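The values are calculated or read from the model by the stated rules, or taken from the named source; none is laboratory data. Computed from a predicted structure; not experimentally measured. Here the Cβ is made from the backbone with ideal geometry for all residues, glycine too, and neighbour counts use every protein chain on show. Surface accessibility is based on the protein's heavy atoms, side chains included, excluding ligands, DNA and RNA. Shrake-Rupley method; radii C 1.70, N 1.55, O 1.52, S 1.80 Å.
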Amino acid sequence: MSMNSFGHLFRVTTWGESHGPALGATVDGCPPGVPITPDMLQHWLDKRRPGQNKNTTQRQEPDAVKILSGVFEGQSTGTPIQLMIENTDQRSKDYGDISETFRPGHADITYWQKYGIRDYRGGGRSSARETAARVAAGGIAREAIKAIAPNLEITGYMTAMGEMEIDRSRFDWEAIDQNDFWIPDAGAVQEWENYLQALRKSHNSVGGIVEVVARNVPAGIGAPVYGKLDTDLAAAMMSINAVKGVEIGEGMAAARLTGTDNADEIFMGEHGPEYGSNHAGGILGGISTGQDVVVRFAVKPTSSILSPRKSIRKDGTPIEVVTKGRHDPCVGIRAVPVGEAMMACVILDHLLLHRGQVGENRGKIG
């Protein structure tokens, strides 16, 4: 049974390993006639690309995407689009010492218990390197969304990293793309960098929280019960490597609110319904309200650290593990474009499902 695919009408299958010759994605269900070029996709891959600054892994990968099928004369044909990204800077020798050892915090032990075989070079299929393929597929989704909902915008950013947390009173959309951490506050960047570099020098790592917002999402996408928009969004974000928690809108904090505080009041505006707040994260009953769709996910600290951790070998004997190689001190930083890509894939999938089942919204207000 294949567990490497997601989506309903817009379906993505990723393939490849961290230290294999290449990785990529097969994208099926993209509507025909969507303008697509390698440069369009490369823009998004460059946001995730490793080795760009001192706050991420120093593995040097160009992440140059190649389109092998499904695009003719710069437009999608409606047939499967095959994307390939070659690996060029693998250092598999860094992992030779752990071929018989299970690294704490990694999927080494569970892959071995399940399959009886594992690719220990950089984690193989469980490596965050796999997410490059998702970002490429997300680039296709973004281009297709433009044809259906041209005003829809998807933006991700970090809201927390260990002890660091953004001050929402200083939130600045324009600052997000101007710093290494994708935070919406230019004035906080140096403090975040000092904090992370101190952790890196102490051979440690830290987790983070990423928020992804889709603005100008049409009302009505998503379906009741098992086809909820938030169900698929939660599953998509949870599938990202190292993610350990997902929230929609107010999320876990809603449990501390009263009903009067949590209920988003509705008013009739000039162009239709308007809401006094957005605790629901733009989704009610699994269906979008027309407000911003807000998803938040927590990324655990990078498990690959130079500080020794106790573990065992395959034969059960104890060992102390120090993970060599080049790793992100906070994998949450490069998870931002991955979260954006997953949001784009899910939103497009539900736009297509809505168009196929309902067409235009049937319930009129006002």
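Any idea how far the Cα center of the stretch 131-175 sits from the one of the stretch 105-126, in Å?
With the stretch 131-175 and the stretch 105-126 each reduced to a Cα centre, they are spaced 30 Å.
Give me the Å³ per residue figure for the convex hull around the C-alpha atoms of the stretch 186-240. Walk me through the intermediate numbers first.
Values: hull volume 5.6 nm³, N = 55.
Taking only Cα atoms, the stretch 186-240 has a hull volume of 102 Å³ per residue.
Return the loop-located GluC sites (Glu not before Pro) in the stretch 143-236 (DSSP other than H, G, I, E, B) with at most 14 other Cβ atoms within 10 Å of their own Cβ; answer none if there are none.
On the way: sites: 143, 153, 163, 165, 174, 191, 193, 211; in loops: 163.
Here the sparse-neighbourhood loop sites are 163.
Ignoring solvent entirely, what values of log10 I(q)/I(0) come out of the Debye formula for the chain at 0.13, 0.15 Å⁻¹ when each Cα is a single scatterer?
Each listed q maps to, in turn, -1.09, -1.38.
I'd like the accessible area for residue 15, computed on protein heavy atoms only with a 1.4 Å probe and all protein chains in place. Round to 10 Å², please.
Estimated to the nearest 10 Å², residue 15 gives 80 Å².
Can you spot the lysines whose alpha carbon is less than 27 Å from residue 310's alpha carbon? Ignore those fewer than 8 places along the same chain.
Excluding near neighbours in sequence, the set is 93, 114, 201, 244, 300, 324.
Which lysines, if any, have their Cα less than 19 Å from the Cα of residue 66, not counting same-chain residues under 8 positions apart?
Within the straight-line limit of under 19 Å, residue 66 reaches these lysines: 47.
Would you work out if the stretch 113-172 is rounded, prolate or oblate? Take a ≥ b ≥ c from the square roots of the eigenvalues of the alpha-carbon gyration tensor; rounded if a/c is under 1.5, else prolate when a/b is larger than b/c, oblate otherwise. If you can, show how the numbers build up before the last one.
Values: a/c = 4.16, a/b = 1.35, b/c = 3.09.
Oblate, because a/c is 1.5 or more while a/b does not exceed b/c.
Report the one residue of 77, 317, 123 whose Cα lies farthest in the direction of the positive end of the charge dipole of the chain (charges on C-beta: Lys and Arg +1, Asp and Glu -1; origin at the Cα centre).
The residue sitting most towards the positive pole is 317.
Let me know the Rg and Dmax you get for the stretch 110-244 when you use only its Cα atoms, in Å.
Final numbers for Rg and Dmax: 18.3, 51 Å.
Calculate the all-directions average of the projected area of the stretch 275-366's alpha-carbon convex hull, and give it in nm². Present the calculation step by step, with values, prior to reporting the outcome.
Details: hull surface 43.8 nm².
That works out to 10.9 nm², a quarter of the Cα hull's surface.
What residue among 271, 253, 202 has its Cα farthest toward the positive end of the dipole of the chain, where the charges are +1 on Lys, Arg and -1 on Asp, Glu, each on the Cβ?
Projecting each Cα onto the dipole axis, the largest value belongs to 202.
Pairs of alpha-carbon atoms within less than 8 angstrom and 6+ residues apart define the contacts here; what relative contact order does the chain have, in percent? Intermediate values should be presented prior to the final figure.
Working: 765 pairs, mean separation 79.1, N = 366.
Contact order relative to length: 22 percent.
Sort 45, 152 by accessible area with a 1.4 Å probe, largest first. All intermediate terms of the calculation are to be shown ahead of the outcome.
On the way: 45 0, 152 20 Å².
I get 152, 45, largest accessible area first.
What percent do you get for the relative contact order of the stretch 74-166 when only Cα pairs under 8 Å and 6+ apart count?
Working: 34 pairs, mean separation 20.6, N = 93.
With pairs under 8 Å counted, the relative contact order is 22 percent.
What does the charge dipole of the chain about its Cα centre add up to, to the nearest 20 debye, if the Cβ of each Lys and Arg holds +1 and the Cβ of each Asp and Glu holds -1? It would help to have the intermediate numbers written out before the result.
On the way: 38 positive and 44 negative charges, 285 e Å.
Charge dipole, the chain, about its Cα centre: 1360 debye, nearest 20.
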